[in-house]
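Structure first, then comments.
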Amino acid sequence: MWVVLALCILVALTVLVLSIPVDVGLRVEVHGRPAVSSTVTWLFGRVRRQFRSGGGGNEAVGTRERKPEKTEKAEKEPAKRRMPSRKTGRLVLRIVRTAGLVESLRRLLSRVLHCFKVRALFADFRIGLDDPCDTALIVGSVSTAMVWAAAYSPWLVRLSPAFEGGAIFEGEGGFRIRVFPVCLVPAVVAFLFSPSTIRVVFALIRWRLEKK
């Protein structure tokens with residue numbers, strides 16, 4: 001009795017935790033060297049993790065001494081690439097031809113996409129091409145389409161032409177999405193236990209046994 005009660009409480013707590021949404025934000029800045037930063041927020045903002053890569057940050061000069069680079073580097077022999085065997089090719093072909101696999105993947109992708117909600121999408125870029133006519137044509141077409149998209153969605157996209165000669169692409173953009181993890185569980189479980197996935201697993205096991 002206590003075991004059943006403990007299991008029920010554990011399942012209820014798991015469902016409750018998975019019901020808390022996760023907010024993911026991505027921001028791209030192109031001002032010379034591209035920089036990408038992302039933020040993952042959970043538990044209604046109480047748990048936050050930030051990641052950043054790229055960008056030309058200002059580094060302090062003279063604070064650290066750089067170690068002299070080694071003039072002589074050990075030459076490594078190039079690793080030989082192994083060509084895939086015929087059995088591996090047959091396995092891949094068999095998996096691709098598995099009945100119902102493509103439909104299961106399409107259904108999984110559709111269900112997963114429904115679990116994501118785009119809260120905001122913004123972009124503000126300056127674009128310039130070598131030919132000013134091409135710049136005006138591209139920026140004009142995209143701007144017209146984005147005006148209609150902004151009227152019915154949270155998308156804010158602005159493109160500004162740059163007639164300075166030469167290719168120019170700079171600005172910043174990003175998006176914020178919200179996902180409910182509990183929504184992903186039924187989709188993933190349905191895919192893992194679908195007949196096509198089970199056939200693929202048996203094909204992999206049979207291939208491993210034949211390989212030994």
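The values are calculated or read from the model by the stated rules, or taken from the named source; none is laboratory data. Given the structure is predicted, the values throughout are model-derived calculations rather than measurements. When we count neighbours, we look across all protein chains shown, and the Cβ atoms used for this are built from the backbone with ideal geometry, even at glycine.
Just the residues that are assigned to a helix (DSSP H, G or I) and in contact with a strand residue (DSSP E or B) (Cβ under 7 Å, 6 or more places away or on another chain), please, taken from region 178-190.
Applying the first criterion (assigned to a helix (DSSP H, G or I)) to region 178-190 yields 181-190.
Listed by number, the list holds a single entry, P181.
Got a sec? Which of R126, R111, R119 is crowded, with 16+ Cβ neighbours inside 10 Å, charged (D, E, K, R) and within 30 Å of G32 (Cβ to Cβ)? It would help to see each step written out before you state the result.
Working: R111 fails: within 30 Å of G32 (Cβ to Cβ); R119 fails: crowded, with 16+ Cβ neighbours inside 10 Å.
R126 is the lone residue from the list that is crowded, with 16+ Cβ neighbours inside 10 Å, charged (D, E, K, R) and within 30 Å of G32 (Cβ to Cβ).
Which of the residues belonging to region 191-209 are of a type outside the set (A, V, I, L, M, F, W, C) and not in a helix (DSSP H, G or I)?
Within region 191-209, the subset of a type outside the set (A, V, I, L, M, F, W, C) is 194-197, 199, 206, 208.
Answer for region 191-209, where residues must be of a type outside the set (A, V, I, L, M, F, W, C) and not in a helix (DSSP H, G or I): just S194.
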> Do the conditions hold for F51, that is, is it within 30 Å of G174 (Cβ to Cβ) and at pLDDT 85 or above?
Replying inline: yes
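Name the residue that is nearest to L121 (Cα to Cα), counting only residues in region 161-212 that are without any contact (Cβ under 8 Å) to a residue 60 or more places away in the chain and of a type in the set (G, A, S).
Residues of region 161-212 without any contact (Cβ under 8 Å) to a residue 60 or more places away in the chain: 161-168, 189, 192-193, 198, 201-202, 205-206, 208-209, 212.
With of a type in the set (G, A, S) added as a condition, the list becomes 162, 165-167.
On the way: A162: 23, G165: 29, G166: 28, A167: 25 Å.
Across region 161-212, the extreme among qualifying residues is A162.
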> Within region 129-148, is even one residue out of contact with any Ser or Thr (no Cβ under 8 Å at 6 or more places or on another chain), assigned to a loop (DSSP other than H, G, I, E, B), modelled with pLDDT under 85 and within 28 Å of L43 (Cβ to Cβ)?
Replying inline: no
> Of all the residues that make up region 149-181, how many are under 24 Å from the mean Cα position of the chain (by Cα), over 23 Å from A35 (Cα atoms) and modelled with pLDDT of 75 or more?
Replying inline: 3
